[in-house]
Amino acid sequence: MAILEVNGLKKKFDDDEILKGISFSMEKGQTLSILGSSGSGKTTLLRCLNFLEVPDDGTISVNEDLLFFADNAKLTDVQIRKNRHHFGMVFQQFNLFPQYTALENVILAPKLEAKSKEEVNEIIERGKELLTKMGLSEKMDNYPHQLSGGQQQRVAIARALALSPDILCFDEPTSALDPELTGEVLKVIKELASQHTTMIIVTHEIGFAREVSDEIIFMDGGVIAEQGTPEQVIDNPSNERTKQFLANYLK
Amino acid sequence: MFTNVTISLLEGFFGTLKLFSLTLLFSLPLGLIISFGSMNKSSIVRLPIRFIIWIIRGTPLMLQLLIIFYGPGVFLGVNLWGSGDSGRFTAALVAFVINYACYFSEIFRGGIQSIPKGQYEAAAVLGLTKRQTFFKIVLFQVIKKIVPPISNEVITLVKDTSLARVIAFYEIIWEGERFIKSAGIIWPLFYTGVFYLVFSGLLTLLFGYIEKRLSYFK
């Protein structure tokens, strides 16, 4: 059974059609990477899944539960917030809350929903656990500006995981990092993949995508140009645009 | 003599302080409400608010004091403010609150709009409501950003209170000037400057302290 099913997703900004009908599905525990040049629509697709953008057409289902279809495009705030619980999002620019420590960033959202003191304590314990898993046990009480980009991004990953989403989304998680800091973030994502966390990763790191993904989607001009295993899409691309894109990257 | 003058001036300064503190008390929250109005998506709300801000910021406070104090009587034939000192005080307070609320609203607007979109998006994907996002995430960051410009306005307000004497509101300069007529000495008027200086000095220290307390994050 597919954990996520996307069908005919379309999105226009003014007269610019960014997504021209995207359909794909993914299985629980899989890692899906989305490649493509800038402007191909990959980030918009991810933002639609997280309801940061409202698609114009198409459907989104998680666990066979229809979250979005064009006729209910006017979702209420409550519905949107409920739908978002299925997804976690890690941003290119981390977007940590500067006035909170690493740990406070991680526990902020779950704590707002806690009903008892014990629950809060559990949330704090889990937050510490997650940060330790990210290799940040020493940095829990530091504020974001005291952390390196790589550390900030790992806090952001822990923050997204704290809500136990069905699907964790990454929007170019290493693009804002110095090359020497990308490794520590990619390592964490690899670990998550090995623990069968369901993930969708928009990335420019082709080598990383090949290593970590079960499935690759190559997007071009708002459509899926090619889809398959890393061996198919990256090693033996059949689409001309994919070949061109990969050739540019491997240069 | 010096002691007598000091005591008289302190009395006058009490009027200054009263106008100062009540203006702050009302204009800060009103300014926040006006800033929401000036950022409203609907132009039916936004444009009139922006128009009022333009009028208030585009004309002298002294003129606003005169219009607010004399306007109701001249144009409507009603004695809105009541008589005597309390009437003058109310009119002065209303003029100051409106004027400062408009200035504060622009500071709030600047502060709120300077918060990166990513903060709202991060809060949204974590499932925070709009209310939680404002109070838990945005507000504190806004406060940190607006402390320096607010402190500027507050210190300006200390001195602007002297404008209220144009409608015969009793404050420290009024008191200082009285000595020219009653005792033929002008130095008490100059001496009022010390009161302003000390008070704005204290405010500078206070705002410096607040800024320091908020410097733990960037």
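Each reported figure results from applying straightforward, stated rules to the coordinates on display, with no laboratory input. As the structure is a computational prediction, the values presented were derived from the model and not from experiment. Cβ placement follows ideal geometry from the backbone for every residue including glycine, while neighbour counts extend to all protein chains displayed.
Things worth noting here:
- MRE, 222 nm, helices only [DSSP H, n ≥ 4, -39500 (n - 2.57), over chain A, to nearest 500]: -11000 deg cm²/dmol
- Loop-located trypsin sites (Lys or Arg not before Pro) across the stretch A:62-170 with a Cβ neighbour count of 10 or fewer within 10 Å are A:Lys74, A:Lys115, with loop assigned by DSSP.
- Helical contribution to [θ] at 222 nm, DSSP H n ≥ 4, -39,500 (n - 2.57), averaged over chain B, rounded to 500: -26000 deg cm²/dmol
- Segment A:Asp141..A:Leu112, full-extension length gain: 8.5 nm, with 0.36 nm per residue of separation and the alpha-carbon distance subtracted.
- Counted by Cβ distance under 15 Å from A:Glu138, the other residues give a net charge of +1, where Lys and Arg count +1 and Asp and Glu count -1.
- Note on B:Ile172, B:Ile143, A:Ile189: ascending count of other Cβ atoms within 10 Å places them as B:Ile143, A:Ile189, B:Ile172, the fewest first.
- Taking other C-beta atoms within 10 angstrom as a stand-in for reagent exposure, B:Val94, B:Val198, A:Val90 fall in the order B:Val198, B:Val94, A:Val90, fewest first.
- Under-5 Å amide H pairs with A:Glu27, H placed in peptide plane, nonlocal only: A:Ile3
- Point-to-point label distance, A:Leu75-A:Glu27, nm (Cα→Cβ direction, 7 Å offset): 2.7
- Cα-based shape type of the protein assembly as shown, given that a ≥ b ≥ c are square roots of the gyration tensor eigenvalues and the cut on a/c is 1.5: prolate
- Additional length obtainable on full extension of the chain from A:Leu66 to A:Thr229, 0.36 nm per residue less Cα span: 56.0 nm
- Local electrostatic count, B:Asn4, Cβ distance below 13 Å [Lys/Arg +1, Asp/Glu -1]: -1
- Label-to-label distance for A:Glu180 and B:Ser83 is 8.2 nm, based on points extended 7 Å past Cα in the beta-carbon direction.
- Neighbourhood charge, 13 Å Cβ-Cβ cut-off, centred on A:Ala109 and excluding it, Lys, Arg +1 and Asp, Glu -1: +4
- Neighbour-count order for B:Met62, A:Met89, A:Met199, fewest beta carbons within 10 angstrom listed first: B:Met62, A:Met199, A:Met89
- Loop sites in the stretch A:120-185: GluC sites (Glu not before Pro), DSSP, at most 14 other Cβ within 10 Å: A:Glu138
- Sequence-distant residues sharing a close amide H with A:Cys169 (under 5 Å, placed H): A:Gly88, A:Met89, A:Val90, A:Ile200
- With the simple spin-label model, which puts each label point 7 Å out from Cα in the Cβ direction, the A:Asn7 to A:Asp214 separation comes to 2.2 nm.
- Most to least packed among B:1-12, B:17-28 [average Cβ atoms within 10 Å]: B:17-28, B:1-12
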